[in-house]
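J.: Got a structure for you, questions after.
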Amino acid sequence: MSFVRACALSDLQPETALPVEIGDEDVAVVFSGGEYFAVRDECSHASIPLSEGDVGNCEIECYLHGSRFDLRTGAALGLPATEPVPVFPTKIDGDDLLVDVGA
Ligand code: FES
């Protein structure tokens, strides 16, 4: 796949996440620390949408059990999750945020 439009930049306030669907992939697009990120919108511990969790310091926290994930790498930063979540490249195109879920 290639970069496709995920949302308008104006849809994302600082330190928030937004759920979007790109093809078959549920994606959480996130604006944190002045950067845009995209991760699979599913906690690696259980099937919980990460986009409903808190965002801060380039991390997103699963609301159910509190595991945090590094938005740059997808790495789990705290138990009970131990596996990373997939991260996807983002790109700004004018007023839009693009994501490549096939990368
Ligand atoms: S479901 Fe996310 S940490 Fe348990």
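Laboratory data are not the source of any read-out in this text; all were calculated from the coordinates shown. Owing to the predicted nature of the structure, the values given are computational and were not obtained by experimental measurement. So basically every Cβ, Gly included, is an ideal-geometry build from the backbone, and we count neighbours across all protein chains shown.
J.: Which of LEU98, LEU50, LEU79 has the fewest other C-beta atoms within 10 Å, and how do the rest follow up to the most?
T.: Fewest-to-most ranking of LEU98, LEU50, LEU79: LEU79, LEU98, LEU50.
J.: With each label point set 7 Å from Cα along the Cα-Cβ vector, what nm distance links HIS65 and ASP26?
T.: 1.7 nm
J.: Lys/Arg Cβ at +1, Asp/Glu Cβ at -1, dipole of region 6-103 taken about the Cα centre: which of CYS58, PRO80, PRO19 is farthest positive-ward?
T.: Positive-end residue among those listed: PRO80.
J.: Let me ask something else. Short version: ³J(HN,Hα) in whole Hz for each residue of region 21-26, in order, from phi by Karplus 6.51 cos²θ - 1.76 cosθ + 1.60 (θ = phi - 60°), x for Gly and Pro, what are they?
T.: For region 21-26, the Karplus curve yields 10, 10, x, 8, 9, 7 Hz.
J.: If the rule is a partner Cβ under 4.7 Å, which cysteines in the chain fail it?
T.: CYS7, CYS58
J.: Apply the Karplus parameterisation 6.51 cos²θ - 1.76 cosθ + 1.60, with θ equal to phi minus 60°, to every residue of region 94-100 and state each ³J(HN,Hα) to the nearest whole Hz, in sequence, with x for glycine and proline.
T.: x, 9, 10, 9, 9, 9, 10
J.: Let me ask something else about it. Just the Kirkwood number for region 4-99, please: inverse of mean 1/r across all distinct Cα pairs, in Å, one decimal. Spell out each step's value before the answer.
T.: Values: mean 1/r = 0.0777 Å⁻¹.
Computed over region 4-99, the radius equals 12.9 Å.
J.: Show me, for region 75-88, the HN-Hα J-couplings you get by feeding each phi into the Karplus relation (A = 6.51, B = -1.76, C = 1.60, θ = phi - 60°), rounded to Hz, glycine and proline as x.
T.: Using θ = phi - 60°, the values come out as 4, 6, 9, x, 5, x, 5, 10, 8, x, 10, x, 10, 10 Hz.
J.: Given Cβ point charges of +1 (Lys, Arg) and -1 (Asp, Glu) and nothing else, what value in debye, to the nearest 20, does the dipole of the chain about its Cα centre take?
T.: Charge dipole of the chain: 240 debye, to the nearest 20.
J.: Follow-up question, since we're still on this one. If amide hydrogens are placed 1.01 Å from N in the peptide plane, which non-local residues have theirs closer than 5 Å to the one on ALA81?
T.: It is SER67, by chain and number.
J.: Would you mind checking which residues have amide H under 5 Å from ASP26's amide H? H placed 1.01 Å from N; only 5 or more apart, or other chain.
T.: Amide H neighbours of ASP26, under 5 Å, 5+ apart: ASP41.
J.: So, one more: Under the 0.36 nm per residue contour assumption, what length would be gained going from the current alpha-carbon distance of ASP54 and LEU77 to full extension?
T.: Extra length from ASP54 to LEU77 when fully extended: 6.9 nm.
J.: Near the amide H of ASP96, under 5 Å away, which other amide H atoms are found, from residues 5 or more places off or on another chain, if H is placed in the peptide plane?
T.: LEU9
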